[in-house]
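Notes to accompany the following structure.
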Amino acid sequence: MQVDVLLGLQWGDEGKGKVVDVLTPRYDVITRFQGGPNAGHTLEFNNIKHVLHTIPSGIFRGDKVNVIGNGVVIDPSIFKKEIESLRNIGFELTNNLLISKKAHLILPTHRLLDAASEAAKGASKIGSTLKGIGPTYRDKIGRDGLRIGDILHNFEAKYRARIDQHIEILEKFYNFDYKQALADYEKEWFAGIEVIRQFQLIDSEHFINNQLMAGKSVIAEGAQGTMLDIDFGSYPFVTSSNTIAAGACTGLGIAPDKIGRVYGIFKAYCTRVGSGPFPTELLDETGEKLRRIGNEFGSTTGRPRRCGWLDLVALRYAIMINGVTDLIMMKADVLDSFETIRICTAYLIDGVRTLDFPNDLEGDVVPQYDELEGWQCDLTGVDSETKFPAALSGYIRFIEAYLQVPVTIVSVGPDRSQTIER
Ligand code: GDP
Ligand code: IMO
Ligand code: MG
């Protein structure tokens with residue numbers, strides 16, 4: 001058996017949580033492989049709307065096994081809140097959520113270092129979610145991190161040593177006022193460590209490979225999106241992990257030949273939250289309209305998302321990096337009322353037309369658009385492809401012809417049921 005991967009092809013918030021929940025009945029094991037509580041994955045079903053940050057989106061489907069893989073970074077205080085809010089609506093996960101001993105811990109001071117770093121950057125800040133993601137991965141790569149497995153042995157001393165070093169940086173380098181915030185975070189953080197102890201802490205690489213050998217099916221749920229990847233995104237305005245298909249190998253401990261289908265998910269338009277280049281961004285009322293109808297406000301931070309037209313240059317690049325086998329188009333219904341829809345098919349960079357997503361987006365990048373007819377009808381009740389308006393079928397055909405990958409799922413609303421397979 002192989003691991004199918006579902007990941008974002010844009011700048012995050014494509015609707016990964018919704019689709020993982022929809023696909024979960026087909027899988028035995030649902031895993032997260034990178035990122036942390038910078039993610040906000042929204043699921044809606046039976047009038048429940050829930051946002052997950054660290055926990056895989058398979059947990060609402062009964063007897064499935066959910067695994068937080070080694071590539072994920074975990075903030076115990078946020079994890080505790082997630083567990084509590086799930087318990088409040090009747091979902092007890094201690095038997096079906098497993099956590100890798102190799103997953104790194106976001107320490108209270110990592111969050112403060114994130115805040116200090118962003119404040120020091122001023123106008124050139126990344127627009128981080130301030131969850132401590134960058135500092136935690138920096139310590140991981142610098143071989144200074146603490147991992148979930150560390151809570152099992154002599155933890156307090158290891159914790160103290162790391163915190164003391166961080167405090168020195170906060171004081172001496174950033175001159176950052178941390179004392180009250182640290183005292184507040186620490187209490188909840190250690191309460192969170194106790195919640196983590198209620199779960200099975202495992203060698204997840206062995207577990208996942210054993211599951212595959214036993215014929216079980218596994219799906220890996222990406223966080224963020226390809227354009228936020230630490231290597232291939234718009235550096236430095238990126239997150240600090242590999243959000244791409246290859247990240248599933250390092251973030252779960254599976255060999256490259258174990259990757260099966262790669263589901264690439266994108267919105268029928270584009271959004272980005274935080275700083276950084278965004279070629280098709282609309283700073284006018286059309287962008288405002290997309291934000292309003294699409295309810296484009298961050299699931300984790302509540303920040304308004306920047307909106308723009310679909311960018312096929314960026315999508316083609318993301319498909320290449322990930323080896324996408326199936327495309328999933330989300331939020332088609334958000335375009336219901338548009339008379340015409342624009343779609344970016346090339347960039348003009350300093351006067352030269354290109355189809356290849358460039359490394360440098362700082363210069364004069366002018367998106368080139370094709371204009372398609374809108375469908376101007378309500379898609380939210382459409383339940384099969386046979387009921388697609390012709391203009392929607394045309395939009396999908398145009399995308400498939402350009403990208404040379406089939407669109408196998410179209411989403412027409414936030415609810416689990418508003419999902420059409422083709
Ligand atoms: P994720 O981070 O990729 O899981 O995506 P988010 O949950 O951050 O953002 C997606 C948002 O769009 C959520 O509020 C979803 O409820 C909502 N959503 C998902 N699919 C659709 C859709 O097809 N139509 C509409 N209107 N909303 C959707
Ligand atoms: P999901 O999984 C959208 C963005 C932040 C910022 C940059 C770096 O819900 O799609 P970080 O906190 O990682 O240091 O922030 O990345 N970002 C996201 N944008 N969706 C996400 O996750 C994101 N996670 C991080 O806004 O620009
Ligand atoms: Mg999100």
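Specify, per residue and in Å³, the volume enclosed by the convex hull of the alpha carbon atoms belonging to region 286-357.
Spread over its residues, the Cα hull of region 286-357 gives 141 Å³ apiece.
A Cα-only calculation for region 228-349 places Rg and Dmax at 15.6, 48 Å. Largest GNM mean-square fluctuation among F207, F173, F60, using the chain with Cα springs under 10 Å: F173.
When a footprinting reagent is the concern and you count Cβ atoms within 10 Å, what order do E339, E168, E373 take, fewest first?
Least crowded to most crowded, the residues run E339, E168, E373.
Separation of region 307-368 from region 26-101 is 31 Å, based on Cα centroids. Each pair of Cα atoms in the chain enters the Kirkwood radius, and Stokes-Einstein at 4 °C and 1.567 mPa s then converts it into a translational diffusion coefficient of 59 µm²/s.
The mean sequence distance of close C-alpha pairs (under 8 Å, at least 6 residues apart), as a share of the length of region 283-371, puts its relative contact order at 25 percent. For the chain, the relative contact order works out to 21 percent when only alpha carbon pairs closer than 8 Å and six or more residues apart are counted. Distances over 13 Å make up what percent of all Cα-Cα pairs in region 248-317? Result: 70 percent of Cα pairs exceed 13 Å.
The alpha carbons of region 1-74 stretch over 30, 29, 23 Å along the principal axes, in descending order.
With R₀ fixed at 30 Å, the C-beta to C-beta distance from E400 to E362 puts the FRET efficiency at about 0.40. Ratio of Rg to Rh for region 263-422: 0.95 [Cα atoms; Kirkwood radius as inverse mean 1/r over pairs]. Diffusion of region 14-154 by Stokes-Einstein, at 20 °C in a medium of 1.002 mPa s and with Rh set to the Kirkwood radius over alpha-carbon pairs, works out to 134 µm²/s. Using the alpha carbons alone, the radius of gyration of region 36-84 stands to its Kirkwood radius in an Rg to Rh ratio of 0.95. Sparse packing (at most 14 other Cβ atoms within 10 Å of the Cβ) combined with a DSSP loop state is found for none of the chymotrypsin sites (Phe, Trp or Tyr not before Pro) in region 1-42. Quote the FRET efficiency, to the nearest 0.05, computed for E421 versus A123 with a Förster distance R0 of 56 Å and r equal to the Cβ-Cβ distance. Computed FRET efficiency for E421 and A123 comes out at 0.80. Over the Cα atoms of region 170-235, the radius of gyration divided by the Kirkwood radius equals 1.17; this is the Rg/Rh ratio. Sorted from greatest to least, the principal axis extents spanned by the alpha carbons of region 151-265 come out as 50, 38, 20 Å. Along the charge dipole of the chain, Cβ charges K/R +1 and D/E -1, which of I167, A390, A255 sits furthest on the positive end? Going by the Cα projections, it comes out as I167. Using a Gaussian network for the chain with springs between C-alpha atoms less than 10 Å apart, which of these wobbles most: S241, S393, S117? Top of the fluctuation ranking is S393.
The GNM of the chain, with springs linking C-alpha atoms under 10 angstrom apart, assigns the highest mean-square fluctuation among T386, T280, T109 to T386.
Working from label points 7 Å from Cα in the Cα-to-Cβ sense, the E168 to A183 distance is 2.4 nm. Inter-label distance, E339 to L152: 6.5 nm, where each label sits 7 Å from its Cα along the C-beta direction. A straight Cα-to-Cα reach below 15 Å connects K102 with the aspartates and glutamates D75, D139, D144, D150, D203, E205, residues fewer than 8 places away in its own chain not being considered. Annotation: the antiparallel percentage among DSSP beta bridges lying fully within the chain is about 40. Between G35, L9, V67, the Cα set farthest toward the positive side of the dipole of region 1-88 (charges on each charged residue's Cβ, about the Cα centre) is that of V67.
Read the figures in this text as sums done on the coordinates, not as results from a lab. A quick note: this is a predicted structure, and the numbers were derived from the prediction, not measured. FYI the Cβ positions are ideal-geometry reconstructions off the backbone, even for glycines, and counts take in every protein chain you see.
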